[in-house]
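Right, one structure below, let's go through it.
The values are calculated or read from the model by the stated rules, or taken from the named source; none is laboratory data. Just so it is clear, the structure is predicted and the values come from calculations on it, not from any experiment. In this analysis, Cβ positions are derived from the backbone assuming ideal geometry, glycine residues included, and neighbour counts consider all displayed protein chains.
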Amino acid sequence: MLDGPMPRGLLGVGDPNVHLVDDRWTLFVGGFTTTFRNRLFRAHLVDEATGPVGPWRIDRDPRGRARPLAADPPKGSWDAAGMHTPSYVPPAAGNGARIYYSGRANAKLYGPGSSYAIGVLEHTDGQWRRRGKPVLEGSAPRWSVLEPRVIHSRGRYRMWYQANPHEIGPGEHPDYELQCVESEDGLTGWTPPRVFAGLDEGFFDIAIAPRGDRWVMLLARGSDLHNTGGFPSPALCERTVMSDPVIVAGTALSRQLQSELQSARDARRSEWVERENEALTALRVLATYLAYHPGSATARAITTTLARSIANPGEDMSPGEHPLPSSPSINTAEGDTVARIETVQLIDDLDGATADETVAFTLDGKQFEIDLNAANAATLRDKLAPFVSAARTAGGNRRAQRRDAATAAGSTEARRHNQAVRVWARENGYSVSARGRIPAEVVEAYRDHDSNTSPSAPEKAAPTKRPQPAQFSG
């Protein structure tokens, strides 16, 4: 669509939004600049006779560089790290033209801690001016709102947008929900959000345009980005609505009919879901038994059988080959102790992806730990290898070494506890950062929950599973 190479200062563009502005076709886009920031840009047709199919040419300044629509947000502002996905709205209800957009405050693109809000540029005195505060922010459990599509119809601004817990990262299942809100002035007083397309439908983006007395909406269904399975197939769907596009009852009925149709198609699948749930229950029983009896003959027989079945999936594992002394079971009657197994997922301290190990090292007499995935851990070791090979093995008295080891163990335990608190807080609607101090009220709520759910009998809970730190000195 865009004619020729990118202009100076611009690496690429996306999220096109085409409108007829002052009888001239105009394209608004988000662009990634050579300073690695996202900004909003405008383009016009190379030849007006071609119509909106293009090709287009990005507006440039006198030096030939791509010219952003508005000045960069101030440092430290809610959208300082980038402006994305423009949605142009013509002048309406006495207000000038507007461009709604997604903004983010930090450089984290995905994973826990990544969050977007929605802001607006207003066209006044011939210039696009950024409004200082966001017009819409997320709420628990969907803290991130982005990719707005806004129209003005029947005296109200109406906005559709994507609402997520955070931006989906590697290893995470896509969790897209489209919500809609309304406002008289398009800046404040938005109605409570309503779900327009749920997680089961898989839509992540829309486009909407007038057609006579109707509005036509095109919905895009996303892909299973990280191959986690169980996600609807990618698709492009069209819905036609009357002049008032937010017909809540009609939308709810449409979703209900789609759900019933899907249930009829998946009648046979329910049997497999039931079997899967039974298998998961059995695995939980086995995991609990193995946690409490790791050295027993039964545990050894179970682990041997599982290892063989994984290594040889087609092999017939007859019961006679591995007789079990007894069948593990758990009595969950009232008053009995039930084991609890907690799994803490490590997050890479460099890029926010899933970590594979904790690397510990000592430098200038100080001990450090960092959670890394396999690639980042290998990079760290490669960088330190020349220094380690040239260094001498340090001695030191045994008392000091024991003291350092105790300090490192305490630090590791604190990191485990903080990670568990963060996981619990996010699952229960609290807002916590990926690093730094956890608010006292969140820690207190976690302790209250932990004390209320701990087993009443003196039997200990199963230990938390966590990769062991890799040790080396630098």
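Run down 202, 171 and say which single residue is without any contact (Cβ under 8 Å) to a residue 40 or more places away in the chain, closer than 18 Å to residue 227 by Cα and in the same structural domain as residue 112 (by TED's automatic domain parsing).
Working: 171 fails: without any contact (Cβ under 8 Å) to a residue 40 or more places away in the chain.
On inspection, the qualifying residue turns out to be 202.
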Restricted to the stretch 103-143 and to residues being among the polar types (S, T, N, Q) and buried (at least 21 other Cβ atoms within 10 Å of the Cβ), the residue nearest to residue 88 (Cα to Cα) is 115
Picking from 104, 129, 65, 98, the residue that is more than 26 Å from the chain's Cα centre (by Cα), charged (D, E, K, R) and under 23 Å from residue 6 (Cβ atoms) would be 65
Of (1) touching a strand residue (DSSP E or B) at 6+ places or on another chain (Cβ under 9 Å); (2) free of Cβ contacts under 8 Å to residues at least 40 places away in the same chain; (3) assigned by TED's automatic domain parsing to the domain that holds residue 144, residue 75 fails just (1)
Exception for residue 94 within (1) closer than 23 Å to residue 156 by Cα; (2) in contact (Cβ under 8 Å) with a residue 60 or more places away in the chain falls at (2)
Residue hits (the stretch 426-442; in a helix (DSSP H, G or I), within 16 Å of the chain's Cα centre (by Cα) and exposed (fewer than 13 other Cβ atoms within 10 Å of the Cβ)) are 427
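Residues that are among the aromatic types (Phe, Trp, Tyr), touching a residue at least 12 places away in the same chain (Cβ under 8 Å) and part of a strand (DSSP E or B): does the stretch 105-112 have at least one? Steps first, please.
In the first step, residues of the stretch 105-112 are kept if they are among the aromatic types (Phe, Trp, Tyr); the result is 110.
Narrowing the set further to residues that are touching a residue at least 12 places away in the same chain (Cβ under 8 Å) leaves 110.
Among the residues that remain, those that are also part of a strand (DSSP E or B) are: none.
The answer is no; no qualifying residue exists.
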Checked the stretch 365-382 for anything surrounded by 11 or more Cβ atoms within 10 Å (Cβ to Cβ), basic (Lys, Arg) and modelled with pLDDT under 90; matches are none
Worksheet item: Has the stretch 135-147 got any residue that is modelled with pLDDT under 95, under 29 Å from the mean Cα position of the chain (by Cα) and within 22 Å of residue 26 (Cα to Cα)?
Response: yes
Every listed condition ((1) out of contact with any strand residue (DSSP E or B) (no Cβ under 8 Å at 6 or more places or on another chain); (2) within 23 Å of residue 205 (Cβ to Cβ)) holds for residue 124 save (2)
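Applying the selection to the stretch 7-23, what residues are assigned to a strand (DSSP E or B) and surrounded by 12 or more Cβ atoms within 10 Å (Cβ to Cβ)?
8, 10, 11, 13, 15, 16, 17, 18, 19, 21
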Taking first residues from the stretch 407-421 that are at pLDDT 65 or above and second residues anywhere that are assigned to a helix (DSSP H, G or I), the pairs with Cβ under 7 Å that are 6 or more apart or on different chains are 421/442; 421/443; 421/446
Flagged pairs (Cβ under 6 angstrom, 6 or more apart or on separate chains; first in the stretch 123-147, outside the structural domain of residue 431 (by TED's automatic domain parsing); second part of a loop (DSSP other than H, G, I, E, B) and surrounded by fewer than 15 Cβ atoms within 10 Å (Cβ to Cβ)) are 123/96; 124/96; 140/429; 141/429
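Give, as residue ranges, the strands (runs of 3 or more DSSP E) completely inside the stretch 124-218 that count at least 1 residues that are closer than 20 Å to residue 82 by Cα. Full working, then the answer.
Working: elements: 127-130, 144-153, 156-164, 177-183, 194-197, 203-211.
Result: 127-130, 144-153, 156-164, 203-211.
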Restricted to the stretch 34-60 and to residues being surrounded by fewer than 19 Cβ atoms within 10 Å (Cβ to Cβ) and either touching a Lys or Arg at 6+ places or on another chain (Cβ under 7 Å) or in a strand (DSSP E or B) (or both), the residue modelled with the lowest pLDDT is 46
